1. Out of the residues in segment 145-164 that are surrounded by fewer than 18 Cβ atoms within 10 Å (Cβ to Cβ) and polar (S, T, N, Q), state the one that is farthest from the chain's Cα centre (by Cα).
2. Return yes or no: is THR202 hydroxyl-bearing (Ser, Thr, Tyr) and modelled with pLDDT of 95 or more?
3. Return the residue satisfying two criteria in turn: it lies in segment 194-220 and is touching a Pro at 6+ places or on another chain (Cβ under 8 Å) and crowded, with 18+ Cβ neighbours inside 10 Å, and of such residues it is nearest to PRO149 (Cα to Cα).
4. Are any of the residues in segment 70-84 within 16 Å of the ligand (Cβ to nearest atom) and closer than 30 Å to LEU187 by Cβ?
5. So how many residues does segment 124-165 have that are under 12 Å from GLN234 (Cα atoms) and without any contact (Cβ under 8 Å) to a residue 40 or more places away in the chain?
6. Residue by residue through segment 238-252, note down the ones that are surrounded by 17 or more Cβ atoms within 10 Å (Cβ to Cβ), closer than 12 Å to GLU88 by Cβ and within 13 Å of the ligand (Cβ to nearest atom).
7. Of the residues that make up segment 112-122, is at least one loosely packed, with under 15 Cβ neighbours inside 10 Å and within 12 Å of the ligand (Cβ to nearest atom)?
8. Take LEU142 and tell me if it is surrounded by 17 or more Cβ atoms within 10 Å (Cβ to Cβ), within 15 Å of the chain's Cα centre (by Cα) and over 29 Å from ILE31 (Cα atoms).
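The values are calculated or read from the model by the stated rules, or taken from the named source; none is laboratory data. As the structure is a prediction and not an experimental result, all values here were calculated from the model. Don't worry about glycine lacking a Cβ; one is built from the backbone with ideal geometry, like all the others, and counts go over all protein chains shown.
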Amino acid sequence: MGPASAIAELIDKNAAKPLYLQVKDALLQVIDAKGIPPHRRIPSEREISEATGISRMTVRQAIRSLILEGRLYTVPGKGTFVAEPKIEQRLQHLTSFTEEMTRQGLRPGSQVVEAARLPASPHCARMLQVEPDTPLFYLARLRLANGTPVALERAWLSLERFPGLVEIDFSQRSLYDVLRNEYHVSLDHAVQFVEAAIADETLAALLQLPRNAPLLAFERVTYDPDDRPIEFVQSAYRSDRFRLSVSLDTLSETKNAVQRLVFTR
Ligand code: 16G
């Protein structure tokens, strides 16, 4: 049975579940059951509509929703394809992009968009706990996974503390590796925020996404063991390629007390 007929088999027009949701779930089930690999074309809107007797508009809604969730992608004029599984970004460890990609068997890469010396803006100065106008190293990199752009990372570091960063070719080196091995810094802990965002024109072009595509925006300040800020980073990750993972445990009474303390500080 072809995939379009397999989808039709799973549809029950008398069920209370909305039809577009049925098509969506059936599509996922068929991709899974038939082992349709990433980058293989799925049946077209018209084929699914003909096989199921469901309107093209409803089928389109199901496909659109799967594209937004990063399960499918379209190539204009070519069709709709199965997307690669998302990369998992763990939130409980202070790791670098290079380490995270390598752990998942992906080849990390970087394209330097900008590497410059500039005076600290009031915001960066506050984040790095330095005086405004202190010379900083600004590094904007497009991060690649197996050659595909997946994130834009912009980092600011003090040049007074790390002179010489401007001379390093960050298309070839990991920032954390340089900090650890050349400046003998211990990256001890970090505070990180994650927010939803959308791609403006520049980000969309760099990340090869349509304008307004959903993104995950991160902001991180990483500290040394003496609580001195080392880097301030703002990054935008493609939300169709990443999902965040955290492991949670129950809050015991002692932990509960500590947690309360942290939040009320
Ligand atoms: C991660 C960090 C970033 C750090 C970079 C170093 C987030 C959101 N950001 O991507 O703060 O600067 O790794 O990567 O996770 P590198 O050592 O591979 O250059």
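1. Taking the candidates together, the pick is ASN146.
2. Spelling it out, THR202 is indeed hydroxyl-bearing (Ser, Thr, Tyr) and modelled with pLDDT of 95 or more.
3. The extreme case among them is LEU207.
4. no
5. 4
6. Of everything in segment 238-252, just one residue is surrounded by 17 or more Cβ atoms within 10 Å (Cβ to Cβ), closer than 12 Å to GLU88 by Cβ and within 13 Å of the ligand (Cβ to nearest atom), namely PHE242.
7. Yes, some residue in segment 112-122 is loosely packed, with under 15 Cβ neighbours inside 10 Å and within 12 Å of the ligand (Cβ to nearest atom).
8. When the stated conditions are applied, LEU142 passes them.
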